[in-house]
Amino acid sequence: MRKGLLILLTAIVSLTVVGCWNRRELDTLAIVTAVGIDKSKEDGKITTTMQIMKPSEIKSASSGSGGSKGVWVVTSTGYTVFDSVRNATMQSDRKLFFAQNRAIVIGEEIAREGVTPLLDLFDRDPEPRRLTWLLVAKGKAGDVIHAEHEQENIPSKAIESLIKSSDVTSMAVTVNLNDFLKNLSTHSTNAVAGRIDIINEEDGENKKIKMRVTGASVFKGDKLVGFFDRSETRGLNWINGKVKSGIIVVKSPIQETKNVALEIIRASSKITPEIQDGQIGITVEIKEEGNLGEQMSSLELTNTEMFRVLEQRKAQVIKNEIESVFKKAQKEWGTDIFGFGEAVHRKYPKEWKELKEQWGDVFPEIDVQIKVDAKLRAPGLSAGPTKAK
Amino acid sequence: MFQWMKNLHRILTKQDLDYKTPGEKDGSLSYSIQSNLEKIKEVFTHANDVVIRQFEIGADVRIKAFIVYVDGLVDKEILQISLMKPLMIDMHLAKTDGTFNRKTAFTIIKERVLSISEVKDAHYLQDAVDAVLSGDTVLFLDGSPVALVASLRGWATRGITTPDTEVVVRGSREGFTETLQTNTSQLRRRIKNPNLKLETMKIGKQTKTDVVIAYIKDIADDKIVEEVKKRLSRIDTDSILESGYIEEFIEDNPLSFLPTVGNSEKPDSVAAKMLEGRVAILTDGTPFVLTVPYLFVEAFQSSEDYYSRHYYASILRLLRYTAFFIGAFAPAFYVALTTYHQEMIPPALLVSMAAAREGTPFPAFVEAMIMGVIYEILKEAGVRLPRPVGQAVSIVGALVIGESAVSAGLIGAPMVIVVALTAISSFVVSSISDTLSIMRLIYVILAGAFGLFGIMIGIAGFLTHLVSLRSFGVPYLSPLAPLNMRDMKDVFIRAPWWMMFTRPRVLGWKNQVRQKFRLMPEAREGDENNK
């Protein structure tokens, strides 16, 4: 009897007294949805810009009175990322909560000095996720975090959607923290990250900052070496086999002034390394299939000869895109973002042991062969050109 | 300090309580009618519903006699026609050839005069008194130490109606009634087999309630039948007014919050359970019939499952299991997620949940408790109140609690949704909805204190408890634990009837085969169109 009472008492006390110590109600949390990291004006300091969700605004927006911004942007400075994030608590009455963070944006300037010191917190702390998207801003990351979006009242949601929807153009690189850190930790592959641009729109007095997710930011080691534009990025995606869809524009074989848009349906790539007499050669084979999506000429294109010509032109475009990316990454920067090192490692594990340490010097000298096999399949619903009579 | 406990102990251990049963078993009846009459009158003092009618039988040889019955328990018309009239008028016509005298009177009357189908002898005063109280009419004759018990019962009863619980769309709409005989007859009508055994017991010193143990001899396990009898005869209490009394006296684990004795109001489902090897306990005065052993999976079975087509019945089964989990865990999960594991909520959902939580004054845990209590109050009010008022309660509940509390910002809208969902879910598994209420409370407390870890600890504890339970020696969680694949055909799904050719192993192992093995309907032989 007394024993039972004691157990009951212990249970009640342990539930009520020590329980709830780690309790965080939803309305005491400042849910961070995007973080921007920049170099501070003060020497040796870091500025973080955080986009924090304002649930009450989102609530009122959905009930009709809306139009207001659904987020609050906080900027704070510190010696490290963690320090500056903690300093933000001086402004926010709620505890910063990073588990729902969608994107980490790093400013161009600080990225050129190396990103590993900045990402340590996101790797070490249990709260942030490794599936957060990683982007480098062309310009200041803080401006990206401040940017608005017309459709979404949480701009970071728009960033995420933009990254995800880049599949339809294949002109952006989508990398999350996990992929990035994985690539950083190997000898055989250099890292790339997404790129986000800021567009300043001036409409009379109204100044609007908008953003665009396109291209790629290229790293050598943990330091940013430069950016890819759209076609270079697709060149990279061709090699990595990450092209899902997109449009290839070629000149019409009949009327050279008119354009023809060819839609990419599926594509794959194969990287084959070959070591002969100490010389490393890489063959990149691209297989692509597409449909005729649109043509602006007024003449018939849907016959076999025309299709053959279109296929050749398409293959040439793809080849050009790939060559442009090699020119920059291999010859100019000497950074192996294509995973060639990994391919060599897999095929020649013994040789790789020697190559590993000097890969950075060997890579720019590699001879790369590009083979493109482009097919054109369906002409669409209309057989002939659309024309007025 | 423990003085009050000592007192209580003294009271409880005091043998032979204040009341005495009227008449001892050894109180034999006397040859003298006068003495019998006095004894009867003494027993029934101040009981003005007991009628004692004195008269004489016979023309030449007159024998004194009297009958005793309880007014209201006897069909008076039949009493007139088949007892009073033969004794007082037709007796004169009986050709007794002068053999009618004090010694032979009893036999002659019993065998030749009374046109009553059911008569018994009562040798002891106790038996006679019990018979009178049960509604029989007892005839005492002068010079006979045996009283004649004539069954002329007839009292106002409620007819067979559709039960309020266990409503079905398809299937028998008959329900049990408060009258024991009606109930046993309903079972007999469904199982026309001499193997259906109905054994009667009387329980309750004051109420002397008739309790019938019903089972099918070839199917039910003898050990379980014996165990039921043993446990029932153990009950030494004042009164049995409802089968719930018995249920609590015979449970294997009386402190568990899970029921280990089943009950049903429907003869067809009780018959079906008996045909699987269970024992039914029918109690006079209640339409709720107990069935033992009771398995956990029975809470998810409905009689209609077996009557409707098996595909949909199987979906409904799975739905009930889902509803059980929602009913038990939804509020706890909500509390755990919003107070500890915000990272687990999908982003889009988090936005709207955070928006709804904005500005609410109470923590999610307190909200869950408040809403839980309010729901229980509403439910109770809805059950107790007369029907017309009950509607008002639901309007108040739906509008005031649901709508106004949210728009006033007292309670977050998701919590209202969670509680409403929980409420509806727990109605789906109505037979254990009271258990669900308790489980829900425990899990909400655990979730509020420890988050998902608390819920997991709770689930582990609950499962441990489930597997440790026995109902009349049968594992409560069977056929899930111990696992029996053959019986799984009637757990998460309801297999077609032609596939369920065996009874549940733990219950009907004595006579396992229910039907022929290959009963699946096939195309007629030689019918080319039907292949």
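The values are calculated or read from the model by the stated rules, or taken from the named source; none is laboratory data. Quick caveat, the model's predicted, so the values are computed rather than measured. Quick reminder, even Gly has a Cβ in these numbers, built from the backbone with ideal geometry, and neighbours come from all protein chains shown. In case anyone asks, the SASA skips ligands and DNA or RNA and just uses the protein heavy atoms, side chains included. Shrake-Rupley method; radii C 1.70, N 1.55, O 1.52, S 1.80 Å.
Under Stokes-Einstein, with the Kirkwood radius over Cα pairs standing in for Rh, what whole-number D in µm²/s applies to segment B:310-475 at 10 °C and 1.306 mPa s?
92 µm²/s
To the nearest Å, what is the center-to-center distance of segment B:281-318 and segment B:387-440, using C-alpha atoms only?
Taking the Cα centre of segment B:387-440 as reference, the centre of segment B:281-318 is 26 Å away.
Can you give me the C-alpha center-to-center distance between segment A:92-118 and segment A:201-235, rounded to a whole angstrom?
A separation of 17 Å, based on Cα centres.
Averaged over peptide B:445-452, how many Cβ atoms belonging to another chain are found within 10 Å of each residue's Cβ?
That average works out to 4.
Aspartates and glutamates near B:Lys379 by alpha-carbon distance under 19 Å, same-chain residues fewer than 8 away left out - which ones?
Of all the aspartates and glutamates, those that pass the test against B:Lys379 - Cα under 19 Å, at least 8 places apart if same chain - are B:Asp164, B:Glu166, B:Glu367, B:Glu403, B:Asp434.
Tell me, what HN-Hα J-couplings in whole Hz come from the Karplus equation 6.51 cos²θ - 1.76 cosθ + 1.60 at θ = phi - 60° for each residue of segment A:165-170, using x for Gly and Pro?
Those phi angles translate into 7, 5, 4, 6, 10, 6 Hz.
Per residue of chain A, what 222 nm ellipticity follows from adding -39500 (n - 2.57) for every DSSP H run with n ≥ 4, rounded to the nearest 500?
-9000 deg cm²/dmol
Keeping every protein chain present and rolling a 1.4 Å probe, give me the accessible area per residue for the protein assembly as shown in Å².
52 Å²
Quick check: at a probe of 1.4 Å, how many percent of the accessible area of chain B sits on carbon and sulfur atoms?
C and S fraction of accessible area: 60 percent.
As an exercise, use a Förster radius of 45 Å and the Cβ-Cβ distance of A:Gln151 and A:Asn240 to find the FRET efficiency, rounded to the nearest 0.05.
Computed FRET efficiency for A:Gln151 and A:Asn240: 0.90.
Can you tell me the dipole magnitude for the protein assembly as shown around its Cα centre, using point charges on the Cβ only (Lys, Arg +1; Asp, Glu -1), in Debye to the nearest 20?
1260 debye
Each residue of segment A:94-103 in order: what ³J(HN,Hα) in whole Hz does its phi give by Karplus 6.51 cos²θ - 1.76 cosθ + 1.60, θ = phi - 60°, with x for Gly and Pro?
Going residue by residue, I get 10, 6, 5, 10, 9, 5, 9, 5, 9, 9 Hz, with x marking Gly and Pro.
For A:Met90, A:Met296, give the ranking by accessible area with the largest first, probe 1.4 Å.
A:Met90, A:Met296
Any aspartates and glutamates with Cα under 12 Å of the A:Lys54 Cα? List them, leaving off those in the same chain fewer than 8 positions away.
Partners found: A:Asp27, B:Glu358.
Rule-of-thumb check for segment B:19-150: C-alpha Rg over 2.2 N^0.38 Å?
1.01
If you take the beta carbon distance between A:Thr80 and B:Met485 as r and set R0 to 60 Å, what does 1/(1 + (r/R0)^6) give as a FRET efficiency, to the nearest 0.05?
In this case the efficiency is close to 0.50.
For segment B:158-201, which semi-axes, largest first and in whole Å, follow from the square roots of 5 times the eigenvalues of its Cα gyration tensor?
Three semi-axes, in Å: 22, 14, 8.
Between A:Glu351 and A:Arg266, what length in nm is gained on full extension when 0.36 nm per residue of separation is reduced by their alpha carbon distance?
27.2 nm
So which of A:Lys244/A:Lys314; B:Lys202/B:Lys229; A:Lys220/A:Lys331; B:Lys41/B:Lys85; B:Lys223/B:Lys489 end up more than 18 Å apart by C-alpha?
As for pairs spanning more than 18 Å Cα to Cα, those are B:Lys41/B:Lys85; B:Lys223/B:Lys489.
Which longest uninterrupted range of chain A lacks any GluC sites (Glu not before Pro) assigned by DSSP to a loop state (not H, G, I, E or B) and surrounded by at most 13 other Cβ atoms within 10 Å?
Within chain A, the longest run free of exposed GluC sites (Glu not before Pro) spans A:301-389.
Hull surface divided by four, with the convex hull built on the Cα atoms of chain B: how many nm²?
Spelled out: convex hull of the Cα atoms, projected over all directions, averaged, 37.9 nm².
Among the listed pairs A:Lys95/A:Lys138; A:Lys242/A:Lys371; A:Lys138/A:Lys182; B:Lys110/B:Lys217; A:Lys164/A:Lys350; A:Lys287/A:Lys347, which are separated by more than 27 Å between their Cα atoms?
Flagged as over cut-off: A:Lys95/A:Lys138; B:Lys110/B:Lys217; A:Lys164/A:Lys350.
At 37 °C and a viscosity of 0.692 mPa s, what translational diffusion coefficient does Stokes-Einstein give for segment A:141-190, taking Rh as the Kirkwood radius over Cα pairs? Give it in µm²/s as a whole number.
In µm²/s, the coefficient rounds to 255.
Would you work out what percent of the accessible area of segment A:230-389, with all protein chains in place, is carbon or sulfur (probe 1.4 Å)?
In segment A:230-389, the share of accessible area belonging to carbon and sulfur is 48 percent.
Can you give me the distance in nm between label points at B:Glu242 and A:Arg129, each placed 7 Å from the Cα along the Cα-to-Cβ direction?
Roughly 5.1 nm, to one decimal.
Rounded to a whole number of µm²/s, how large is the Stokes-Einstein D of segment B:180-294 at 4 °C and 1.567 mPa s, given Rh as the Kirkwood radius over C-alpha pairs?
It diffuses with D of about 93 µm²/s by this estimate.
Near the amide H of A:Ile196, under 5 Å away, which other amide H atoms are found, from residues 5 or more places off or on another chain, if H is placed in the peptide plane?
When sequence neighbours closer than 5 places are left aside, the close amide H contacts are A:Val136, A:Ala137, A:Lys138.
Can you quote the Å³ per residue value for the convex hull of the Cα atoms in the protein assembly as shown, rounded to an integer?
338 Å³
Which whole-number percentage describes the relative contact order of chain A, with Cα contacts under 8 Å and a sequence gap of 6 or more?
12 percent
Cα centroid distance between segment B:457-514 and segment B:26-77, in Å?
The distance from the Cα centre of segment B:457-514 to that of segment B:26-77 comes to 56 Å.
Summed for both chains, how many Å² of accessible area, to the nearest 100, are buried between B and A with a 1.4 Å probe?
Chain pair B/A: roughly 2200 Å² of buried accessible area.
Dividing the alpha-carbon Rg of segment B:299-373 by 2.2 N^0.38 Å yields what?
In units of the 2.2 N^0.38 Å rule of thumb, it is 1.55.
Under a cut-off of 20 Å between alpha-carbon atoms, report the aspartates and glutamates in cross-link reach of A:Lys41, not counting same-chain residues fewer than 8 places apart.
A:Lys41 reaches A:Asp83, A:Glu108, A:Glu109, A:Glu113, A:Asp143.
Between B:Tyr31 and B:Lys85, what FRET efficiency follows from the Cβ-Cβ distance if R0 is 25 Å, with the result rounded to 0.05?
With a Förster radius of 25 Å, E is 0.40.
In Å, the Kirkwood hydrodynamic radius of segment B:107-261 over pairs of distinct alpha carbons?
When all Cα pairs of segment B:107-261 are included, the Kirkwood radius is 18.6 Å.
To the nearest whole percent, what portion of all C-alpha pairs in segment B:332-428 is separated by more than 18 angstrom?
Cα-Cα pairs in segment B:332-428 separated by more than 18 Å: 48 percent.
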